[in-house]
Amino acid sequence: MFKINSFYHIEYKKKPFCAKIVHMKYADIIIDISHERLDKTFEYIVPTELENQVFEGVQVVIPFGQGNRAITGYVVGLHDTPEFDVTKLKPIARVVKDSIAIESQLISLAAFLKRNYGSTMNQALKTVIPIKKKQNEKLKKEISLAISIEQAKIELQEMMTKRHAIGKERLLKELLTIDVLDWELATKKLEVSSTQIRDLEKKGIIRINEVRTFRNPHINEGQRKHIVLNEEQEAAAEQIKADIDTGRKKTYLIHGVTGSGKTEVYMDVMEHVINMGQQVIVLIPEIALTYQTVMRFYTRFGDKVSILNSRMSPGERFDQFERAKSGEISIMVGPRSALFTPFANLGLIIIDEEHETSYKSEVVPRYHARETAVFRASLTGATVILGSATPSLEAYSRARAGEYQLIELKARAQGQDMASCEIVDLRAELASGNRSMLSRRLKELMADRLAKKQQIMLFLNRRGLMGFVSCRACGHVLKCPHCDVALHLHNGGVMKCHYCGFTTRTVKTCPSCGSKYIGSFKAGTQRLEEIVKESFPGVRVLRMDADTTSGKNGHEEILSAFAAHEADVLIGTQMIVKGHDFANVTLVGIIAADISLNESDYHSGERTFQLLTQAVGRAGRGSEPGIAIIQTYQPDNYAVVASANQDYNSFYEQEFAYRRLLSYPPCSHILGIQVSSDKQKDAVSQADILASLIRQTDPKIVIMGPEDAYIGKLKDVYRRVIYVKADEYDRLVTVKDAIDKFLLEQKQYRNTTTWFDFDPISTI
Ligand code: ADP
Ligand code: ZN
Ligand code: ZN
């Protein structure tokens, strides 16, 4: 994070070459759009007659080098003050007319990021343009059956009678439906170990081939699931397709209950757009990018699809982007950064689970994929579809205001009932003497489901119940010496800082008062697992949290084991509630709904509602009806009640009223400014200076702070924050620009770093 932020610093060190000259504009031009050359810009004069045609992203012809060879480049910046000796600057020769090069689009996108989220042009360009690969092409491995399908079925039968061959079984089952499976997909997504694969190869059951380029899995025709859209889905898809056909380019918000089949609607519209010769970007939260999801797209669109994920190396990403540019593929599915796929003729952008916080970048430029997608779509006249069961306040308020078109899917796809929901008051539980994490009602239902061989999910938000080490006598909490955060107990008697990696041995006595009653509180999920095992001897439990998923693909492994009914109960943090479809789950227990309510962030009501609704939505997806139990100390809280009633509108009304009352987004906008330095004194003074600069720039604007950041010290760097609030986004942009200008000219406090966060999604 700090490496990236420090770009800011470097940029501000550049000093303008001479004083301002009026009536003349200067352009920074890049001539080589590749990641490692983005720093290299050349300055040219913008002739007055071209002034209204030259803007960021435009392709221009310039005289270059000794011989004034005419070459093309792209404008990436414009300013009034030249950085070099004006007498040596040459003018731009001409603007390339009608150039709709994808590069122009990406540069415009970078300019948008820079303006609206705050960063240097260089940082913005690096965000949108992929790194050119340097390494040699790697060979890819593919797996296919070496025997006939009939023989494979027999092998599978045999395997299933033995134990401990689950990975091999999964692979074999998959090869019954797919001709060729990519090695990476098998090991990373399907969770089959390489030893297991090699073993099957030795037995002559499968064959492994090395190929030069990646090929998508080939799905056997007979295996395709033919889904006919239900009436609601059909109406939704038809409406969007009709708009596309008549040239109306809009942003849609599909508010569909959990299990309503939003993905089928997306795929129907996608097919329409592909058939028109255009391309599609589908954004999905990384955590939901599971084997099943990936396969749904492969099954439907075959070779046209490519998948991006954050584990890919820069070279692999570059390859995928090249495939997109060359027209080899026309659908890119991936997390936030897939938004920058260089499709020249983009027709549709889909953002699934639009409310997810992972759509906001956590590094500068801290852009939000939703707004950036709408902007990118406007460049090419593409359509945008946002989808969620629990839309963000931002999106829903825009839909209400008519800025987005609202489409509702009110029923589950195959007519299943929504899970029924009961609230258990934990205060009453306590009053009647039950101190367990499991209420009597939840226990009773668990016993019933276990007897029926149905599955259960128990959800516990981990926050607030962390495994930190503290003294029971004086309350002293052991903190990292480099960061303002508590240390966590790990296996093997060490304590570790989750932010900087600092590790130290556990202590026997309290360093503050000498008491020997010092220890850690077990992580909530771990404790819950013990309780479940004690309460139901013999029960098979899987636990999914930061500890059990630290391995590269840990979470996928746990999910597929649960899907294969290798466990009765899945215990987990919020990661288990995201979009997974387990037909056999008929009971969902939310152990403590209040934990996320008590966070000191104005989003806490919204987050709680989203988590509870998604968690409740996990129950009863198959043929058996589902039930959800919400345990809480605040049974009357509006977010708890609304999610129990699955009543989005009532939640929205109350949450919106609260935001309006306190003037929080979406009823206003907030700009977070963080100033950091390894010298506390400098961070403090610089933040004070910026605060008074803001006051001068906009005397009426609301300023909060400066104060210490949420984590006041991180990796020995001190952090101060200022929040600025305004009804109009542009007022905040003006503040940001004033600070940018000031930093560029400022001579002192060069060892501080400043970055911006517009409408932060959590306290910075
Ligand atoms: P959502 O994303 O809205 O939660 P999905 O698109 O994942 O819902 O659909 C949930 C399940 O219902 C999936 O297994 C999907 O294949 C199935 N499904 C969706 N639409 C239909 C339909 N029209 N007929 C039959 N099954 C459907
Ligand atoms: Zn103590
Ligand atoms: Zn630390």
* To do: Considering only residues that are more than 21 Å from the chain's Cα centre (by Cα) and under 22 Å from Arg398 (Cβ atoms), look in the stretch 258-277 and name the one that is nearest to ligand 1 (Cβ to nearest atom).
  => Ser260
* Residue list for the stretch 598-634, filter: more than 17 Å from Val588 (Cβ to Cβ) and either modelled with pLDDT of 90 or more or in contact with a His (Cβ under 7 Å, 6 or more places away or on another chain) (or both) -> Glu606
* Asked: Of all residues in the stretch 243-257 being at pLDDT 95 or above and within 16 Å of ligand 1 (Cβ to nearest atom), which is surrounded by the most Cβ atoms within 10 Å (Cβ to Cβ)?
  -> Ile254
* Tally the residues that are modelled with pLDDT under 85 and charged (D, E, K, R), restricting the search to the stretch 89-99. => 2
* **Residues within the stretch 448-457 that are surrounded by fewer than 12 Cβ atoms within 10 Å (Cβ to Cβ) and in a helix (DSSP H, G or I), tallied** => 1
* Within the bounds of the stretch 288-300, is there any residue that is polar (S, T, N, Q), more than 19 Å from Asp182 (Cβ to Cβ), open to solvent by 10 Å² or more (accessible area, probe 1.4 Å) and out of contact with any Leu (no Cβ under 6 Å at 6 or more places or on another chain)? -> no
* Looking only at the stretch 478-492, decide whether some residue is within 16 Å of ligand 1 (Cβ to nearest atom) and either at pLDDT 85 or above or in a loop (DSSP other than H, G, I, E, B) (or both). => no
* To do: Confirm whether Leu430 is open to solvent by 60 Å² or more (accessible area, probe 1.4 Å), under 30 Å from Thr251 (Cα atoms) and part of a helix (DSSP H, G or I).
  => no
* Looking at (1) within 15 Å of ligand 2 (Cβ to nearest atom); (2) within 27 Å of Arg543 (Cα to Cα); (3) exposed (fewer than 12 other Cβ atoms within 10 Å of the Cβ), which is the only condition Gly519 fails? -> (3)
* **Within the stretch 453-462, considering residues that are more than 17 Å from His490 (Cα to Cα) and away from ligand 1 (no atom under 16 Å from the Cβ), the one modelled with the lowest pLDDT** => Asn461
* Structure fact -> Quick count over the stretch 93-129, residues being part of a loop (DSSP other than H, G, I, E, B) and open to solvent by less than 20 Å² (accessible area, probe 1.4 Å), is 4
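Yes/no matrix, rows are residues, columns are (1) within 16 Å of ligand 3 (Cβ to nearest atom); (2) modelled with pLDDT under 80; (3) not small (Gly, Ala, Ser):
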{"position": "Cys497", "(1), (2), (3)": "yes, no, yes"}
{"position": "Thr503", "(1), (2), (3)": "yes, no, yes"}
{"position": "Val507", "(1), (2), (3)": "no, no, yes"}
{"position": "Ser512", "(1), (2), (3)": "no, no, no"}
{"position": "Lys522", "(1), (2), (3)": "no, yes, yes"}
{"position": "Phe536", "(1), (2), (3)": "no, no, yes"}
{"position": "Leu542", "(1), (2), (3)": "no, no, yes"}
{"position": "Asp547", "(1), (2), (3)": "no, yes, yes"}
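I'd like to verify a number: residues in the stretch 319-334 that are part of a helix (DSSP H, G or I) and buried (at least 20 other Cβ atoms within 10 Å of the Cβ), how many?
Of the residues in the stretch 319-334, 3 are part of a helix (DSSP H, G or I) and buried (at least 20 other Cβ atoms within 10 Å of the Cβ).
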* Asked: Which residues, counting only those in the stretch 239-260, are assigned to a loop (DSSP other than H, G, I, E, B) and touching a strand residue (DSSP E or B) at 6+ places or on another chain (Cβ under 7 Å)?
  -> Lys249, Lys250, Val257, Ser260
* Asked: Taking helices (runs of 4 or more DSSP H) that fall entirely within the stretch 607-705, which contain at least 1 residues that are surrounded by fewer than 18 Cβ atoms within 10 Å (Cβ to Cβ) and not aromatic (Phe, Trp, Tyr)?
  -> 648-662, 680-697
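The values are calculated or read from the model by the stated rules, or taken from the named source; none is laboratory data. This one's a predicted model, so the numbers in the text were calculated from it and none came from an experiment. For neighbour counting, all protein chains shown are included, and Cβ atoms are generated from backbone atoms with ideal geometry for every residue, glycine included. What goes into the accessible areas is simple: the full protein's heavy atoms, side chains included, and nothing from ligands, DNA or RNA. Shrake-Rupley method; radii C 1.70, N 1.55, O 1.52, S 1.80 Å.
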